[in-house]
Amino acid sequence: MSRRGFTFFEMMVTMVILAVGLIGVYRAFGVSIQYQKVLQRRLYILNYLSDAVAAAESELLVARPNLTAQSRIAVPGPGAISGRIERSIESFQEAYQGVTALHVTLDVSLLNRGPASFHRTSLVYYDENKTSL
Amino acid sequence: MKTKHLFRLRRSAFTLAEVLFVSMMIAVVSLSLYRALSIGIQVWERSRSFSVEEDIMIFFDKLSMDLRNALQFSQLDFYGTASEISFPTIIAVPMGSSSGEVLIYADQIGQVSYGLDARQQGIVRSQANYGQALEREKGAARVLAAPVESLRFEYLSRGMTGTFERQLDRNALPDTVKVSVYFKNSQGQRQTMTRQINLPLYF
């Protein structure tokens, strides 16, 4: 049996490999936390979008057809999530008279993943020719 | 002889520089290991606590689906207060064999209720099948989201002028329901999630 121990150089190489491995694990955890934050923001944004679509549907029926097109928004939730909301309407299809496609788009920032755009369309029965309920 | 002795001494021990360097490396590796472990624990804690918001979203989706299927039915009443809502809707009822095994789910008219259970500190949903609903019975309550501090419902209906106004009648099916959930997130901050749900009577 050889009684020769490891050389200093071998120990150094081992340490470097171990350090690189640990840095990899550390980075994986960091990315995981970052992605969880992004998912959490995304969840609040999607909820805000659903709420904004429902509010726009109500507003469309009341404001006829003067729907506010663009405005700046602040999504409630952890951290300051600010962005822009854009709303537009268009006739759905000629065959479906009175059915209007309502488009709502949210442009927000998703931390270091940069700007992101969320879009949703809702079909609303809104007859332009109808002046009263 | 003297040279040989010195040489043997040199071969059998580390120099001060080597010991210091290795100690420094051990310190750096230990620090990295500690940070990796502490972040691992953070990831684990976050992944567990994050589910409150997800559960609230599921609650919103379930309530939206039930409200979109809500119907006017003379035998079953709509009832809505600031903290509770109950209405007739289409529910999926398990139909099973005589041995109790669930074979299929069938749609039928039933009554669903949503509210905050103070004991469980969570939002609960219960559904009663047609027979139970006629007897004014409630099914078993199931927790959808917890822990939640409070829950508030608002009911809006279109008035004579066409604008949406707060509905005062607790027993009339509204046009819009606004739900607000107040809770503490994983960082211990108070948060509110709000969702407006339109019933497809006018929409």
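The values are calculated or read from the model by the stated rules, or taken from the named source; none is laboratory data. None of these values were measured; they are calculated from a predicted model. Positions of Cβ are generated from backbone atoms using ideal geometry, with glycine treated the same way; all protein chains shown enter the neighbour counts.
Assorted remarks:
- Only one entry in B:LEU63, B:LEU76 is away from every other protein chain (no Cβ under 11 Å), touching a residue at least 60 places away in the same chain (Cβ under 8 Å) and of a type outside the set (Asp, Glu), namely B:LEU63.
- B:GLY159 vs. criteria more than 21 Å from A:ALA52 (Cβ to Cβ), within 13 Å of chain A (Cβ to nearest Cβ) and not hydrophobic (A, V, I, L, M, F, W, C): yes
- Candidates in the stretch B:50-88 are the residues that are part of a helix (DSSP H, G or I) and among the aromatic types (Phe, Trp, Tyr); of these, the one that is surrounded by the fewest Cβ atoms within 10 Å (Cβ to Cβ) is B:PHE60.
- Failed item, numbered, when B:SER157 is tested on (1) in a strand (DSSP E or B); (2) among the polar types (S, T, N, Q); (3) farther than 22 Å from A:GLU57 by Cβ: (3)
- Qualifying positions in the stretch A:1-10 - more than 7 Å from chain B (Cβ to nearest Cβ) and of a type in the set (A, V, I, L, M, F, W, C): A:MET1, A:PHE6, A:PHE9
- Qualifying position, being buried (at least 18 other Cβ atoms within 10 Å of the Cβ), more than 23 Å from B:VAL179 (Cα to Cα), within 14 Å of the chain's Cα centre (by Cα) and in contact (Cβ under 8 Å) with a residue 40 or more places away in the chain, among A:VAL108, A:VAL38, A:VAL104: A:VAL108
- So B:GLU165, is it assigned to a strand (DSSP E or B), within 14 Å of chain A (Cβ to nearest Cβ) and modelled with pLDDT under 90: yes
- Matching residues in the stretch B:35-49 - criterion: being surrounded by 14 or more Cβ atoms within 10 Å (Cβ to Cβ) and either over 16 Å from the mean Cα position of the chain (by Cα) or at pLDDT 85 or above (or both): B:ARG35, B:ALA36, B:ILE39, B:GLY40, B:GLN42, B:VAL43
- Qualifying residue in the stretch B:100-120 (condition: acidic (Asp, Glu) and either free of Cβ contacts under 8 Å to residues at least 24 places away in the same chain or touching a His at 6+ places or on another chain (Cβ under 6 Å) (or both)): yes
- Single unsatisfied condition, A:GLY79 versus (1) within 16 Å of A:ASN47 (Cα to Cα); (2) assigned to a strand (DSSP E or B): (2)
- In the stretch B:15-55, the residues that are more than 26 Å from A:GLY30 (Cα to Cα) and facing another protein chain (nearest Cβ under 8 Å): B:GLU18, B:VAL22
- For the stretch A:75-96, the criterion of a residue being over 28 Å from the mean Cα position of the chain (by Cα), within 13 Å of chain B (Cβ to nearest Cβ) and more than 19 Å from A:SER117 (Cβ to Cβ) is satisfied by no position.
- Filtered residue count, the stretch B:91-137, keeping only those that are basic (Lys, Arg), surrounded by 15 or more Cβ atoms within 10 Å (Cβ to Cβ) and more than 22 Å from the chain's Cα centre (by Cα): 0
- Note on the stretch B:171-191: residues that are more than 14 Å from every other protein chain (Cβ to nearest Cβ) and either surrounded by 13 or more Cβ atoms within 10 Å (Cβ to Cβ) or part of a strand (DSSP E or B) (or both) amount to 2.
- Restricting attention to the stretch A:22-54, the residues that are under 30 Å from B:ILE26 (Cβ atoms), β-branched (Val, Ile, Thr) and at the interface with chain B (Cβ under 9 Å from one of its Cβ atoms) total 3.
- Selection from the stretch A:55-74 of residues that are of a type in the set (Val, Ile, Thr) and facing chain B (nearest Cβ under 10 Å): A:VAL62
- Checked against (1) closer than 19 Å to B:VAL181 by Cα; (2) under 20 Å from the mean Cα position of the chain (by Cα); (3) not acidic (Asp, Glu), B:GLY80 passes all but a single condition, namely (2).
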